[in-house]
1. Take every Cα pair under 8 Å in segment 1-74 that's 6+ residues apart, average their separations, divide by the length, and report that relative contact order as a whole percent.
2. Given N residues in the chain, what is its alpha carbon radius of gyration divided by 2.2 N^0.38 Å?
3. Show Lys216, Lys286, Lys73 ordered by accessible area, largest first, where the area counts protein heavy atoms only and the probe is 1.4 Å.
4. Relative contact order of segment 125-170, please, whole-number percent, based on alpha carbon pairs below 8 angstrom and at least 6 residues apart.
5. Can you send over the solvent-accessible area of His198, 1.4 Å probe, protein chains only, in Å² to the nearest 10?
6. Kindly provide the Kirkwood hydrodynamic radius of segment 64-104 in Å, to one decimal, from all pairs of distinct alpha carbon atoms.
7. What is the chain's relative contact order, in percent, from Cα pairs under 8 angstrom and six or more apart in sequence?
8. Taking every pair of alpha-carbon atoms in segment 143-193, give the share separated by more than 13 Å as a whole percent.
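The values are calculated or read from the model by the stated rules, or taken from the named source; none is laboratory data. Predicted model only: the values in this text are computed from it and were never measured. Note: ideal-geometry Cβ built from the backbone for every residue, glycine included; neighbour counts use all protein chains shown. Please note that ligands, DNA and RNA were not included when accessible areas were found on the heavy atoms of the full protein model with its side chains. Shrake-Rupley method; radii C 1.70, N 1.55, O 1.52, S 1.80 Å.
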Amino acid sequence: MESPLLQSPGAVPADAPDQEVAAHYGEPAQEQRALEDGTAFADRSNRGVVRVSGPDRLSWLHSLLSQHLDALKPFDPTEALLLGPNGHIEHHLFLIDDGEAVWAHVEPGAAPALVEFLDRMRFMLRVEVADLSDDYAVITVPGPAGQGELAWPDVAGTVTRIVPRTEFPEGLRPAGLWAYEALRIAEHRPRLGLDTDHRTIPHEAGYVETAVHLNKGCYRGQETVARVHNLGRPPRRLVFLHLDGSVDRLPAQGAPVEIPGGRTVGFVGSSARHHELGPIALALVKRNVPVDAELLADGVAAAQEVVVSPETGANAQIDLRRRPAKHG
């Protein structure tokens with residue numbers, strides 16, 4: 001559903017899959033600083049909202065998703081993945097239980113397919129699944145979260161909330177999605193579908209740290225997670241890129257990442273212009289690419305920063321150098 005804020009003066013629609021919200025409102029750098037300083041909010045109302053109610057909801061979701069959920073406490077935010085049979089990531093869910101239902105927000109356009117899958121898996125259990133994307137919006141606002149809110153800690157000390165679509169914040173300037181995405185990329189947070197592809201497994205993108213419980217019971221795709229964790233290494237790893245600031249364009253999402261000599265070793269994910277760091281991006285590259293190798297991202301020179309260690313897996317300590325969120 002298209003955001004009403006797209007009718008605001010200066011609003012410019014974002015590129016797909018975010019075309020239903022504004023990329024910016026005419027001042028992208030100032031909007032980014034305002035979001036970081038706690039004087040703006042980001043409209044992310046194109047994201048899907050799913051609600052799962054019923055007394056069996058937690059144990060049922062626990063059996064399907066990668067996270068330990070059967071004892072999830074009310075208003076304790078978490079993340080989880082729905083994996084395919086071979087361990088490839090199909091959905092990334094941000095979850096919270098309000099004591100009566102589990103609420104989730106997911107990537108734009110993903111809610112219908114997720115609800116369809118969950119409905120097929122209900123069997124005789126006491127659960128109900130609903131796509132509420134038309135009635136509720138996802139927004140990112142200054143933190144911290146209030147008591148009893150459907151809220152998750154997010155970039156630069158913000159929180160992301162689910163609110164009725166009629167309740168956009170008052171007294172804060174709107175910041176476009178470019179502002180949020182720049183802060184997200186700077187904190188090394190991958191986004192499903194942009195920084196991943198159909199073959200991505202959790203270890204490659206660092207989701208094991210945030211969305212996978214390594215000691216829970218069986219769920220779809222668990223065999224791949226366990227095999228990589230105990231026996232092997234993932235074929236690829238997420239990296240953060242400092243891009244050449246003298247180039248007047250950002251690399252295209254999905255464009256090749258190459259090493260000197262022209263050999264393709266991965267692909268570009270999200271990219272943005274950060275108000276302090278300059279042009280930045282995330283990329284997924286082959287695990288054996290040297291961590292100090294200079295790269296070309298869609299032809300743009302790039303220095304890499306380790307996000308997922310090449311040693312991840314095989315009982316190695318997971319080393320995700322994610323930038324700490326700023327608070328205050």
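1. The normalised contact order for segment 1-74 reaches 21 percent.
2. Against the empirical 2.2 N^0.38 Å value, I get 0.98 for the chain.
3. So, going from the largest accessible area down, we get Lys73, Lys286, Lys216.
4. 38 percent
5. 150 Å²
6. Radius from the Kirkwood sum: 10.7 Å.
7. It comes to 18 percent, rounded to a whole number.
8. The calculated P(r) of segment 143-193 puts 68 percent of pairs beyond 13 Å.
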